[in-house]
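Read the structure below first, then the notes.
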Amino acid sequence: MENFQRPYILFLFIPLIGILLYSIHSNTFILELKARMDRFVVKKIPFPLPFATSILSYATAFLPYISLSFLIVSAAGPGIKYDLIPDETLGVDIIIALDISGSMVNSYDFLPNNRLTVSKALLKEFISKRVEDRIGLVLFAGAAYLQSPLTSDREALKELIEEADESSIEEQGTAIGDAIMLATYRLKSSKAKSKVIVLLTDGVSNTGKMDPLSASFASKAYKLKVYSIGIGKEQGQYEVNYDSLRVISQETGGQFYRAESADDLAQVLIEIDNLEKDPLPKKPIQLSQTLFPNYLFWFFIILMIDGILKFTIMKELL
């Protein structure tokens, strides 16, 4: 249970519990939900009683309190609220294409972490900010694979990013063109006002079925913007070609960024977050499921059981 329409009614539990405790203390542990002509006469349950009868007697005495508890909860308006982000939004749909090749893991310029670890941590922060958008994930090294289609489930997406490592893809290399093409394919049918690919890589495209520039033409045809982020310093340990990333971004209306440190990368993602804001954010749909009929049902059921017992089995004891 997540909410009550009238939570102040739950304060009625205070006098109910008080009556219950007083009844137990004064050995008048019977609360009858009916008018009595002898209501000022205290009726005590005789002692001792046979064990089974005693248990049944006290269980019966509890029933009015239990039924009243259900009535109080029912009157408070119990329910559950669900916040649903529409599948088709008017805002931004984003595919993150993350390079997980060996150079991202074996780099030495982001110590004490490597480029991939830093990228994953900052991407999770980026995802947490995009509360109105759908986001998907493509991982690539020597080949590109879809890890998550467009989704509003940010927690699941962050788990997928956290689990991504060099061993997630067997093929070696950096297939930037394949990653862009796969992200384009997953975004091309989107009806969002803005469709964006965020490409994070530290190397040059050296494998794959599609070269990056040709893939960018497909992105441009579907009005997708590619924000390219070249990660790391050019230390000569691995081949780089950031000029091609700059061309890809320019062709598609996006921007190219260099991130030579963790702080640079954090600032880049902040800038992208600020640039790609939902112009007409569509608020999540809030659905409420009321539960008061369930509690009202049990109020009447327990009340009926109480009446049956007191007019049959327990008649001689009351």
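Against the condition at pLDDT 90 or above, within 30 Å of the chain's Cα centre (by Cα) and surrounded by 14 or more Cβ atoms within 10 Å (Cβ to Cβ), how does Ile229 come out, does it pass? Judged against the criteria, Ile229 is a match. Among the numbered conditions (1) closer than 25 Å to Met104 by Cα; (2) modelled with pLDDT of 90 or more, the only one that Val204 does not meet is (2).
When the residues of the range 54-90 are filtered to those that are surrounded by 15 or more Cβ atoms within 10 Å (Cβ to Cβ) and modelled with pLDDT under 65, which remaining residue is nearest to Pro7 (Cα to Cα)? Going through the qualifying residues, I end up with Ile85. The combined condition, being surrounded by 18 or more Cβ atoms within 10 Å (Cβ to Cβ) and either closer than 19 Å to Val92 by Cβ or modelled with pLDDT under 95 (or both), is fulfilled by Leu199. Remark: pairs (first residue in the range 210-234, on the phi > 0 side of the Ramachandran plot; second residue of a type in the set (Ser, Thr, Tyr) and crowded, with 16+ Cβ neighbours inside 10 Å; Cβ separation under 7 Å; 6+ apart in sequence or on different chains) = Gly232/Ser107. Within the range 150-182, restricting attention to residues that are touching a residue at least 60 places away in the same chain (Cβ under 8 Å) and among the hydroxyl-bearing types (Ser, Thr, Tyr), the residue that is surrounded by the most Cβ atoms within 10 Å (Cβ to Cβ) is Thr174.
Given the structure, is Ser205 of a type outside the set (Lys, Arg) and surrounded by 19 or more Cβ atoms within 10 Å (Cβ to Cβ)? Yes: the conditions hold for Ser205. Within the range 111-129, restricting attention to residues that are more than 16 Å from Glu260 (Cα to Cα) and among the basic types (Lys, Arg), the residue that is least open to solvent (accessible area, probe 1.4 Å) is Lys124. Please specify each residue of the range 1-38 satisfying the condition of being modelled with pLDDT under 50, among the charged types (D, E, K, R) and surrounded by 10 or more Cβ atoms within 10 Å (Cβ to Cβ). Matches in the range 1-38: Glu32 only. Looking at this structure, is Glu132 at pLDDT below 90, open to solvent by 50 Å² or more (accessible area, probe 1.4 Å) and in contact with a Gly (Cβ under 6 Å, 6 or more places away or on another chain)? Answer is no for this residue.
The values are calculated or read from the model by the stated rules, or taken from the named source; none is laboratory data. This is a predicted model, so every value here is computed, not measured. Every residue, glycine among them, receives a Cβ derived from its backbone with ideal geometry; neighbour counts consider all protein chains shown. Note: accessible area is taken over every heavy atom of the protein model, side chains too, but ligands, DNA and RNA are not part of it. Shrake-Rupley method; radii C 1.70, N 1.55, O 1.52, S 1.80 Å.
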